[in-house]
1. Could you sort 31-37, 142-148 so that the peptide with the highest average Cβ count within 10 Å comes first and the rest follow in order?
2. For a Förster distance of 30 Å, can you work out the FRET efficiency between the beta-carbons of Leu351 and Val228, rounded to the nearest 0.05?
3. Going highest first, how would you order 320-329, 71-80, 305-314 by mean Cβ packing within 10 Å?
4. Quick one: which residues, 5 or more positions from Val321 or on another chain, have an amide H under 5 Å from its amide H? H modelled 1.01 Å from N in the peptide plane, none for Pro or chain starts.
5. Using packing as a proxy for protection, rank 333-345, 185-197 so that the peptide with the highest average count of other Cβ atoms within 10 Å comes first.
6. If R0 is 35 Å, what FRET efficiency do you get for Leu77 and Thr107 from their C-beta distance, rounded to 0.05?
7. Multiply the residue gap between Ile169 and Ile313 by 0.36 nm, knock off their C-alpha separation, and tell me the result in nm, one decimal place.
8. Can you work out ³J(HN,Hα) from phi for every residue in region 117-129, in order, using Karplus 6.51 cos²θ - 1.76 cosθ + 1.60 and θ = phi - 60°, giving whole Hz and x for Gly and Pro?
Amino acid sequence: SLHWEPRSTLLQPDQCSNLNRSPGCSRPPGLAGLLRGCCCGLEGLKVAGHLLSHLALRGRELLHRGLCGLLGCGQALARQLCEGLAIATSLLAYLVNSLVNVCLIGTQNLFTLLVALWDSVAGPFLRVTDLLAAFLAHVSSGAIAVSILLWSPCQLVFQLLTSVLELFINVFFVNIYGLGLLLLIIVVSIFVSNPGLLWTLTGHVLGYFNTLPSYHRLQRDVWRLYQVAVLTLGMAMTSQAWRRLVDWSLQRGAAVAVAGQRHQPPREEPSTSWGNALRRQQLNAAAGDGEGALDNDPWMLLKEQEERKKCVICQDQTKTVLLLPCRHLCLCQECTEVLLQQAIYQRNCPLCRQMILQTLNVYL
C-alpha cells in the first residue's frame, strides 16, 4: 500500500503553547485558544484528507484487482472455449476420417468381390470361347481342304448351269416375242391347271384395294373429277361461245344448202318471197300495236312490274337472292336453299345456266 504524507507548514499545538509561554509574546489568552482550536481543526482536516486518500487508493486498488480478475476470467473462459472447439474439431475430424476409412475399406472390399466374381464367371466363358475358336479353326481348315478337293466338280457344274442359263436367255429373254410367249405359256398353264385361281386372285386383289384408304380416296377423286368434267361439259354446252359455234355451224350448213340449191332450177313462184315479206310486215305491225296498247295501260304496266319481282321458279315469293358470278336476281330464299341442296353440277342459274359459286341476300 502506498501512503502519502503531505507536508504542512502550519505550527504544531505544542509549538503554539511554547510560543504562548515565551516571554516575548504578549498575546491575550483568547487568541491563543482560537489559534489552538484552528490548529486542532486543521489537524482533523489533515487526518480526514489522509483517510480519504487512503480510501481512494484502496478503492482504486480493489477496482484494479477486480478488472484484472475479470480479464483473467475472460482469458480463462476464452482459453477453455478454444480448447473445447479444438477438442470438438479433433473429434469431428476423427469421425470424418473414420467414415472415409470405412467407405474406402468397403469400396476396396466391393471391388475385390467384383474382381473375384468376374474371375469366377469370365474364366469358364473365356475357356469356352478358346475351345470354340479352336474348333472353328479346325472346321475351317477342314472345309478349306474339302473345298479344294471339290472345286473341280463344282466348277464343271457351274459352267453347265451358266451355259444352260445363257441358252435359256438367248431363246426366251433376248427376243421380246419369245419372252411374251414364255409368259403367256406360264400364265395359261397356271390357269388351266387351277381354274379357280383367276377368280381367287381377282377377289383378293379387289379386297386388298378395298382395304386401302388411298383406293377409297382415289375412287372419291375420280368421282369428283367425273362430276367436274360433266359440270364443265354442261357449262360448255350452255355457254354463249358454244351457242355461237352451233349457230355458226347451222348458218354455214344453211349457206351450203342454199349454195347447193342455187345450182338447181328455181321451182318457187315469183310471188312467194313477196308474200313472205308481206306476212312479216303484218306480224310486226300487230306486235307493235300490242306493245303500244300495253305501254298505254298503267294497270298492265304495274302488273308486269309486280310479275317481274316474283321468283322465276315458284312465282310466289319475291326475288331476294342474287346469284354470283352471273349477278342474276331471280330466286327467293326457299328456292335458293332447295337449289343449293342439289349436286354441284346441278347448281346452275335458271336464266343463264351458269354455275352458282356464291349467293347474296338482297333486301329491296
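1. Per-residue Cβ counts within 10 Å, averaged per peptide and sorted highest first, yield 31-37, 142-148.
2. My answer for the efficiency is 0.85.
3. 320-329, 305-314, 71-80
4. Counting only residues 5 or more places away or on other chains, the set is Cys330, Leu331, Val362.
5. Ranking the peptides 333-345, 185-197 by packing returns 333-345, 185-197.
6. My answer for the efficiency is 0.20.
7. Working it through step by step, the gained length comes to 44.4 nm.
8. Result, rounded to whole Hz: 5, 4, 5, 6, 8, 6, x, x, 5, 5, 5, 5, 5.
Bear in mind that the values in this text are calculations on the coordinates, not laboratory data. Everything quoted here is computed from the prediction, not taken from an experiment. Virtual Cβ from ideal backbone geometry, glycine too; neighbours counted across all protein chains shown.
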